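Student: Can you read through this structure? Questions will come right after.
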Amino acid sequence: MIVKRGKNAYQYKSSRVNGDVKTIYERKVSRQELQEHERRKEDTQQHRQREQELQQLHQAVNQALRALAMMKRAQLITIGLYERRSEIRTLQEDARCHTAMH
């Protein structure tokens, strides 16, 4: 991990010893390394933000698709039809099929 203190930055290494976290100083980090580290950190943050935005968009699209399916079903029922196994059938036709079988 890189820690910035004032104008300087230092690299530390963390490890667990008997369940406790121990942080050990390794070296001073150059300005170029610090800039690269900060750039990578910013890129990672932007990537996570984009992924989160895409997830929210995906949820909104799925919600809109469910609403459209519900509106389609309501419209079909309003005009006396329904959908079964991707077929559009009339409500009366289905009633005749069930009465003929029994």
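The values are calculated or read from the model by the stated rules, or taken from the named source; none is laboratory data. As the structure is a computational prediction, the values presented were derived from the model and not from experiment. Ideal geometry is used to build each Cβ from the backbone, glycine not excepted, and the neighbour counts take in all protein chains shown. All accessible areas refer to the heavy atoms of the entire protein, side chains included, with ligands and DNA or RNA removed. Shrake-Rupley method; radii C 1.70, N 1.55, O 1.52, S 1.80 Å.
Student: What are the pairs with Cβ atoms under 6 angstrom where one residue, in segment 4-19, is at pLDDT 90 or above and the other, located anywhere, is open to solvent by 100 Å² or more (accessible area, probe 1.4 Å)? Sequence gap at least six, or different chains.
Tutor: Pairs found: 10/28; 12/1; 12/25.
Student: Within segment 42-70, how many residues are over 30 Å from residue 11 (Cβ atoms), open to solvent by 100 Å² or more (accessible area, probe 1.4 Å) and of a type in the set (D, E, K, R)?
Tutor: Residues in segment 42-70 being over 30 Å from residue 11 (Cβ atoms), open to solvent by 100 Å² or more (accessible area, probe 1.4 Å) and of a type in the set (D, E, K, R): 1 in total.
Student: Identify, please: which residue in segment 5-27 is part of a strand (DSSP E or B) and out of contact with any strand residue (DSSP E or B) (no Cβ under 8 Å at 6 or more places or on another chain) and is, among those, nearest to residue 37 (Cα to Cα)?
Tutor: Narrowing segment 5-27 to residues part of a strand (DSSP E or B): 5, 8-17, 20-27.
Keeping just the survivors that are out of contact with any strand residue (DSSP E or B) (no Cβ under 8 Å at 6 or more places or on another chain) gives 5, 17, 20.
Values: 5: 15, 17: 27, 20: 27 Å.
Out of the qualifying residues, it is 5.
Student: Would you pick out the residues in segment 69-91 that are of a type outside the set (A, V, I, L, M, F, W, C), out of contact with any Ser or Thr (no Cβ under 9 Å at 6 or more places or on another chain) and not in a helix (DSSP H, G or I)? Explain how you work it out, then say what you get.
Tutor: Initially, segment 69-91 is screened for residues of a type outside the set (A, V, I, L, M, F, W, C), giving 72-73, 75, 78, 80, 82-87, 89-90.
From what is left, the residues that are out of contact with any Ser or Thr (no Cβ under 9 Å at 6 or more places or on another chain) are 72-73, 75, 78, 83-87, 89-90.
83, 84, 85, 86, 87, 89, 90, listed by residue number.
Student: I'd like the residue in segment 1-29 that is in contact with a helix residue (DSSP H, G or I) (Cβ under 9 Å, 6 or more places away or on another chain) and of a type in the set (Val, Ile, Thr) and, out of all such residues, is most open to solvent (accessible area, probe 1.4 Å).
Tutor: Only one residue tops the list, namely 2.
Student: Name the residue, out of 73, 39, that is of a type in the set (Lys, Arg), at pLDDT 85 or above, open to solvent by 100 Å² or more (accessible area, probe 1.4 Å) and within 30 Å of residue 4 (Cα to Cα).
Tutor: Values: 73 fails: within 30 Å of residue 4 (Cα to Cα).
The match here is 39.
Student: So, one more: For segment 76-88, which residues satisfy the criterion of being open to solvent by 100 Å² or more (accessible area, probe 1.4 Å) and in contact with a strand residue (DSSP E or B) (Cβ under 8 Å, 6 or more places away or on another chain)? Reasoning before the result, please.
Tutor: At the first step, the residues of segment 76-88 found to be open to solvent by 100 Å² or more (accessible area, probe 1.4 Å) are 78-79, 85-86, 88.
Residue satisfying the conditions is 88 alone.
Student: So residue 32 clears everything in (1) closer than 30 Å to residue 7 by Cα; (2) surrounded by 10 or more Cβ atoms within 10 Å (Cβ to Cβ) except one condition, right? Which one?
Tutor: For residue 32, the failing item is (2).
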